[in-house]
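J.: I have a structure I would like to understand better, so I am pasting it below and will then ask my questions one at a time.
The values are calculated or read from the model by the stated rules, or taken from the named source; none is laboratory data. Treat the numbers as computed from the prediction; the structure is a model and nothing was measured. Using ideal geometry, Cβ is built from the backbone for each residue, glycine included, and neighbour counts are taken over all protein chains shown. For the accessible areas, the whole protein counts, side chains as well, though only heavy atoms, and no ligand, DNA or RNA atoms are used. Shrake-Rupley method; radii C 1.70, N 1.55, O 1.52, S 1.80 Å.
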Amino acid sequence: MYRSNEEKLTDKLIGEAVISLLKSKSLISIDRLIKQLQFMAVNAENLTRKSALEQIINEMRHDQADKRARVSYEVRDVDNVRHFFNTEGPSDDQKKH
């Protein structure tokens, strides 16, 4: 409701990229969305639009890297106790049954 012009432009640009992918009948994924946004940035004639696209791409890449870094694993021991690990080690040193 009280969104800034920058947030509105971000939403608009992401929407345009998604619509382009839908029209081309491409699969929708973060990687394809980033490629579409890159294409839009290269072809942007307006500096504000180009800058916003680059910002969106950087944020998406950063979020994607964070998610990949947070891979978690579940391991059951011989007593059928579940242990949860992520890239930082065991989570909270707790065991769940």
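J.: Roughly how many nanometres apart are two label points built 7 Å out from the Cα toward the Cβ at Glu45 and Asp63?
T.: 3.0 nm
J.: Work out, step by step, the length gained on full extension between Glu16 and Arg76: first 0.36 nm times the residue separation, then minus their alpha carbon distance; give nm to one decimal.
T.: Full extension from Glu16 to Arg76 adds 17.0 nm.
J.: Right, next: Determine how large the accessible area of Leu9 is when every protein chain is in place; take a 1.4 Å probe and give Å² rounded to the nearest 10.
T.: For Leu9, solvent-accessible area is about 50 Å².
J.: Rounded, prolate or oblate for the range 18-59? Axes are the square roots of the Cα gyration tensor eigenvalues, ordered a ≥ b ≥ c, and the cut-off for rounded is a/c under 1.5.
T.: oblate
J.: While we're on this one: How much length is gained if the chain between Glu7 and Gln38 is pulled fully straight, taking 0.36 nm per residue apart and subtracting their Cα-Cα distance, in nm to one decimal?
T.: Result for the pair: 9.3 nm of gain on full extension.
J.: Next question, about the same structure. Tally Lys/Arg at +1 and Asp/Glu at -1 over every other residue whose Cβ is under 14 Å from the Cβ of Thr10; what's the total?
T.: Combined, the nearby Lys, Arg, Asp and Glu give -2.
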